[in-house]
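Novice: First, the structure itself, so that you have it in front of you.
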Amino acid sequence: MERPLIFAANWKMNHGPEEARAFAQKFLALTSAVEGRSLWFFPPAVSIAALSETLGNRPDVSVGAQNVHWEPKGAFTGAISIPMVMEVGARLTLVGHSERRHLFGETDEQAARKTRAALNAGITPLVCVGETLAERDGGRTEQVIVRQLGPIFQALQPGDWAKVLLAYEPVWAIGTGKNATPDDAAQIHELIRLELGRREVVQRVPILYGGSVNSGNVAFLLSRPQIDGVLVGGASLDPAGWAELIEQGSRSKVRPSGGYDIIAG
Ligand code: PGA
């Protein structure tokens, strides 16, 4: 089965509704829909409606939330539920981004509850995993990723994985300008696939790479068949820069087998 090549923009705490609208207008003029390519946006929650309204007519664009609570409603001050973000146009949600884990103390178990709740509500979870520099230097990358995935395997049935995507984002590469080499990233993606196989997940779950992806390195990363797309923070904030990154990355072409081949030139 053919899979789309995914370019996902994580705006983090940038671009309120007005800036989101201005971004969308410029971005629409710079790009057009291409078959086999999906463009995803994760703006701050307050900008989901503005972005869905302005980009909503493009069949290749989907808008998502950066974080959601697993309960549909209740006494959770400051939290936003999945039905609420869906009401304003979100069709996807990030789960367990490293900034949620490391800056806000989100646990592996909470990420699993959010993943389960997203599937129950009919929104697509993009679950992020990745090791810190200390964990990597200590040779614990594999152990950390297996630990992060553990509660998610417990919360999901093997068949649920048909609607889940993963992102491998080494924490040491996020916002630092140091990206994993295509070989490093491909190796961890392989490891994740082995782990999925061990848990009898038969679907080919798409795995995105994230961490200092830019228009100069995106085509190299996507040339690896193990990497199904990219999750991009800093380099997704400017409409021209983001359009250029998508253009460069699209030099990697979808293969019918579900992987990607780089096209010369
Ligand atoms: P970055 O962020 O591209 O700025 O490194 C990626 C992310 O955190 O998703």
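The values are calculated or read from the model by the stated rules, or taken from the named source; none is laboratory data. For clarity, every value in this text was computed on a predicted model and none was experimentally measured. FYI the Cβ positions are ideal-geometry reconstructions off the backbone, even for glycines, and counts take in every protein chain you see. These accessible areas exclude ligands, DNA and RNA; they are computed on the full protein's heavy atoms, side chains included. Shrake-Rupley method; radii C 1.70, N 1.55, O 1.52, S 1.80 Å.
Novice: Specify which of the listed residues (Gly241, Gly233) is modelled with pLDDT of 95 or more and buried (at least 19 other Cβ atoms within 10 Å of the Cβ). Even if it seems obvious, please write down each step before you answer.
Specialist: Working: Gly241 fails: buried (at least 19 other Cβ atoms within 10 Å of the Cβ).
Only one candidate qualifies: Gly233.
Novice: Check Leu221, Leu196 and return the single one that is out of contact with any Ser or Thr (no Cβ under 7 Å at 6 or more places or on another chain), touching a residue at least 24 places away in the same chain (Cβ under 8 Å) and within 16 Å of the ligand (Cβ to nearest atom). Before you say what the answer is, go through the steps one by one.
Specialist: Values: Leu196 fails: within 16 Å of the ligand (Cβ to nearest atom).
The conditions single out Leu221.
Novice: Shifting gears a bit: Which of the residues that make up the stretch 106-123 are of a type outside the set (D, E, K, R), in a helix (DSSP H, G or I) and open to solvent by 10 Å² or more (accessible area, probe 1.4 Å)?
Specialist: Of the stretch 106-123, the ones of a type outside the set (D, E, K, R) are 107, 110-112, 115, 117-123.
Filter once more, keeping what is in a helix (DSSP H, G or I): 110-112, 115, 117-121.
Gln110, Ala117, Leu119, Asn120, Ala121 - these are the residues of the stretch 106-123 that are of a type outside the set (D, E, K, R), in a helix (DSSP H, G or I) and open to solvent by 10 Å² or more (accessible area, probe 1.4 Å).
Novice: Show the residue pairs meeting these rules: Cβ distance below 9 Å; 6+ apart or different chains; first residue within the stretch 225-238 and closer than 15 Å to Asp184 by Cα; second residue acidic (Asp, Glu) and more than 8 Å from the ligand (Cβ to nearest atom).
Specialist: Pro225/Asp261; Gln226/Glu190
Novice: Can you find, within the stretch 181-206, the residue that is farthest from the chain's Cα centre (by Cα) among those that are part of a loop (DSSP other than H, G, I, E, B) and exposed (fewer than 14 other Cβ atoms within 10 Å of the Cβ)? Please lay out each step first, then the result.
Specialist: Step one: of the stretch 181-206, the residues part of a loop (DSSP other than H, G, I, E, B) are 181, 199-206.
So of that shortlist, the ones also exposed (fewer than 14 other Cβ atoms within 10 Å of the Cβ) come out as 181, 200, 202.
Numbers: Thr181: 18, Glu200: 23, Val202: 21 Å.
So the residue we want is Glu200.
Novice: Check Ser212 against each of (1) within 11 Å of the ligand (Cβ to nearest atom); (2) open to solvent by 10 Å² or more (accessible area, probe 1.4 Å); (3) on the phi < 0 side of the Ramachandran plot; (4) within 15 Å of the chain's Cα centre (by Cα) and name the one condition it does not meet.
Specialist: Going through (1) within 11 Å of the ligand (Cβ to nearest atom); (2) open to solvent by 10 Å² or more (accessible area, probe 1.4 Å); (3) on the phi < 0 side of the Ramachandran plot; (4) within 15 Å of the chain's Cα centre (by Cα) one by one, Ser212 breaks only (3).
Novice: Condition (residue is outside any strand (DSSP E or B), more than 18 Å from Ala79 (Cα to Cα) and free of Cβ contacts under 8 Å to residues at least 60 places away in the same chain) applied to the stretch 96-105: is it met by at least one residue?
Specialist: Checked against the condition, which is being outside any strand (DSSP E or B), more than 18 Å from Ala79 (Cα to Cα) and free of Cβ contacts under 8 Å to residues at least 60 places away in the same chain, the stretch 96-105 yields no hits at all.
Novice: State whether the residues of the stretch 152-165 include one that is within 12 Å of the ligand (Cβ to nearest atom), among the β-branched types (Val, Ile, Thr), over 23 Å from Glu135 (Cβ atoms) and under 15 Å from the mean Cα position of the chain (by Cα).
Specialist: Just the residues of the stretch 152-165 that are within 12 Å of the ligand (Cβ to nearest atom), to begin with: none.
No: the stretch 152-165 contains no residue that is within 12 Å of the ligand (Cβ to nearest atom), among the β-branched types (Val, Ile, Thr), over 23 Å from Glu135 (Cβ atoms) and under 15 Å from the mean Cα position of the chain (by Cα).
Novice: Test each condition in (1) farther than 19 Å from Ser98 by Cα; (2) at pLDDT 95 or above for Glu2 and report the one that comes out false.
Specialist: (2)
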